[in-house]
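Down below is the structure, laid out as structure tokens.
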Amino acid sequence: MEKLEYAQEGRTELGALGEFALIDRLTDEFECKNKTTIKGVGDDCAVLGKGKTKTVVTTDTMVEGVHFDMMYTPLKHLGYKAVAMSLSDICAMNATPRQILVSIAVSNRYSVEALEDLYAGIRLCCDRYDVDLVGGDTTTSRAGMMINVTAIGEVTEEAIAYRSGAKMHDLICVSGDLGSAYAGLLILEREKVTYQADPNFKPDLESYDYVLERFLKPEPRADIVKLLAEKEIVPTSMIDVSDGLASELLHICKQSHCGCEVYEDRIPIDYQTTRVCSEMSQNMLPVSCALNGGEDYELLFTISQKDYEKIKDNEEIHIIGHITEEGAPAVMVTPQNTTITLQAQGWTAHE
Ligand code: ADP
Ligand code: MG
């Protein structure tokens, strides 16, 4: 039997690489062998199939204590969110979601009724987006819950939007508003600490309804995919905002071999997000929530300038900047005209 060799020396800690470098390193030596694999690792979904209509597939996992906290996550919301997150990746290919498979790992800490609540949320999201639950897996976990959703969608060949198609001068657009999901998380974390200090404390969450809903029950922007089709726009590139605007812009720039310039005062931020930031003890900037918060599940996409007239009056779509030439950095321009280089986490000012 072939002996497996374990590297003793030269051990690299996981933290030294970061998520994206780790994925690159692990998948680098895999080559796609099948003609039906149109796009493998590297976009929001893999693209598969032979005919004019392609299948797109994605998978996403949520782990208790990492992606959700049972103290403030109702199971029904968790089920809804797990599905919504995967459907968002289908939308990010400009595709229509059709089916999901759901795998769960649970400990006996959970009752049948609790899992029924989880599935009530899954069903609600399936009904809302006309998606069929077609399979999955159920297994035991020793510590906490894990939920994985694989989503499958459909898109015609001409309409597929990859991360790699942005061209110089294209307009950068984003749907909805950014940073609100993170603002919701900040509120939940704050109330949790207060509750732990005094279990009789009853939090007043009513005035935070919008940001809490954005964090606990996000919606994939299937409506934007539909709208783009109605307006006969195929985005030149697209990605969903799961890790924050800065990180997603950098993905588009890297894969499209271009730079970008976005304007701080064009980034859509809800007034509730701004209010939450001003309430936080450390001086939190709303724009930091938008750039680095993540979990908004909005669509970030680029369109050719010729399509500007078709979307300029749409209130759900905001033009926040444009694509610049290859080799140029990804930057944000402040209202004071300072240029800031975007980084995947945080950002630094230019000299
Ligand atoms: P998203 O945020 O859109 O869900 P990710 O950042 O999770 O995308 O993943 C980026 C790309 O890497 C995707 O194409 C995904 O399928 C792929 N990927 C992520 N983790 C792995 C893994 N462990 N093995 C193979 N491919 C992976
Ligand atoms: Mg994505």
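With springs only between Cα atoms under 10 Å, which of Gly176, Gly15, Gly135 fluctuates most in a Gaussian network model of the chain? Comparing Gly176, Gly15, Gly135 in the GNM, the peak value goes to Gly15. Taking every protein chain into account, the accessible area of the chain amounts to 54 square angstrom per residue (probe 1.4 Å). With 0.36 nm allotted per residue and the present C-alpha distance subtracted, the Glu29-Gln305 stretch has 95.6 nm of extension available. Counting only DSSP beta bridges with both residues in the range 1-134, the antiparallel share comes to about 60 percent.
Close amide H contacts of Gln343 (hydrogens built in the peptide plane, cut-off under 5 Å, sequence separation of 5 or more or a different chain): Thr348. Here the 3J(HN,Hα) profile of the range 113-129, calculated from phi with Karplus coefficients 6.51, -1.76 and 1.60 at θ = phi - 60°, is 5, 4, 5, 5, 4, 4, 6, 5, x, 4, 5, 4, 5, 4, 5, 4, 10 Hz, Gly and Pro shown as x. Of the beta bridges in the chain, as assigned by DSSP with both residues counted there, near 80 percent are antiparallel. Toward the positive end of the charge dipole of the chain, with +1 on the Cβ of Lys and Arg and -1 on the Cβ of Asp and Glu, the farthest Cα among Thr302, Gln255, Thr150 is that of Thr150. Comparing Gly165, Val241, Gln196 along the charge dipole axis of the range 146-250, the residue lying farthest to the positive side is Gln196, per the Cβ-charge model. When peptides 19-31, 255-267 are sorted by average Cβ neighbour count within 10 Å, with the highest value leading, the order is 255-267, 19-31. Measuring against 18 Å, Cα to Cα, the residue pairs Lys54/Lys231; Lys39/Lys310; Lys52/Lys306; Lys167/Lys254; Lys54/Lys167; Lys167/Lys226 contain Lys54/Lys231; Lys39/Lys310; Lys52/Lys306; Lys54/Lys167; Lys167/Lys226 as the ones spanning a longer distance. FRET efficiency for the Val333 to Phe20 pair, using the beta carbon distance and R₀ = 25 Å, is estimated at 0.45. Computed from the Cβ-Cβ distance with R0 of 30 Å, the FRET efficiency linking Glu230 to Arg123 stands at 0.60.
Taking packing as the residue-averaged number of other Cβ atoms within 10 angstrom, the listed peptides 149-160, 190-201 run from highest to lowest as 149-160, 190-201.
Using only side-chain charges placed at the Cβ, +1 for Lys and Arg and -1 for Asp and Glu, the dipole size of the chain relative to its Cα centre rounds to 660 debye.
Let me know the shape class of the range 62-171, please: from the alpha-carbon gyration tensor, a ≥ b ≥ c as square roots of the eigenvalues, rounded when a/c is under 1.5, otherwise prolate if a/b is greater than b/c, or oblate. Since a/c reaches 1.5 and a/b is larger than b/c, the shape of the range 62-171 is classed as prolate. Under a 5 Å amide H cut-off, with hydrogens placed 1.01 Å from N, Asp170 pairs with Ile323 among residues at least 5 apart or on other chains. Label positions at Glu316 and Thr341, each projected 7 Å from the Cα along the C-beta direction, are separated by 3.7 nm. For the chain, what does the alpha-carbon gyration tensor say about shape, rounded, prolate or oblate, given a ≥ b ≥ c as the root eigenvalues, a/c under 1.5 as rounded, and a/b over b/c as prolate? Verdict is rounded for the chain. How would the range 1-106 be classified by its alpha-carbon gyration tensor: rounded, prolate or oblate, with rounded meaning a/c under 1.5 and the a/b versus b/c comparison settling the rest? Judged from the Cα gyration tensor, the range 1-106 comes out oblate (a/c at least 1.5, b/c at or above a/b).
The alpha-carbon of Lys76 sits under 12 angstrom from the alpha-carbons of these aspartates and glutamates, leaving out residues fewer than 8 places away in its chain: Glu113, Glu116, Asp117. Taking the protein heavy atoms of the chain in the context of the full set of protein chains, the accessible area attributed to carbon and sulfur is 51 percent at 1.4 Å.
For the range 84-95, backbone phi angles converted through the Karplus equation (6.51, -1.76, 1.60; θ = phi - 60°) give residue-by-residue couplings of 4, 4, 6, 5, 4, 5, 5, 4, 5, 9, 6, 10 Hz, Gly and Pro being listed as x.
Annotation: extensible slack from Arg142 through Ser103 equals 12.5 nm (criterion: 0.36 nm per residue apart, minus Cα-Cα distance).
The values are calculated or read from the model by the stated rules, or taken from the named source; none is laboratory data. Since the model is a prediction, treat every value here as computed from it, not as a measurement. Reconstructed Cβ throughout: ideal geometry from the backbone, glycine too, with neighbour counts over all protein chains shown. Each accessible area value is taken on the protein alone, full model and side chains, heavy atoms only, with ligands, DNA and RNA left out. Shrake-Rupley method; radii C 1.70, N 1.55, O 1.52, S 1.80 Å.
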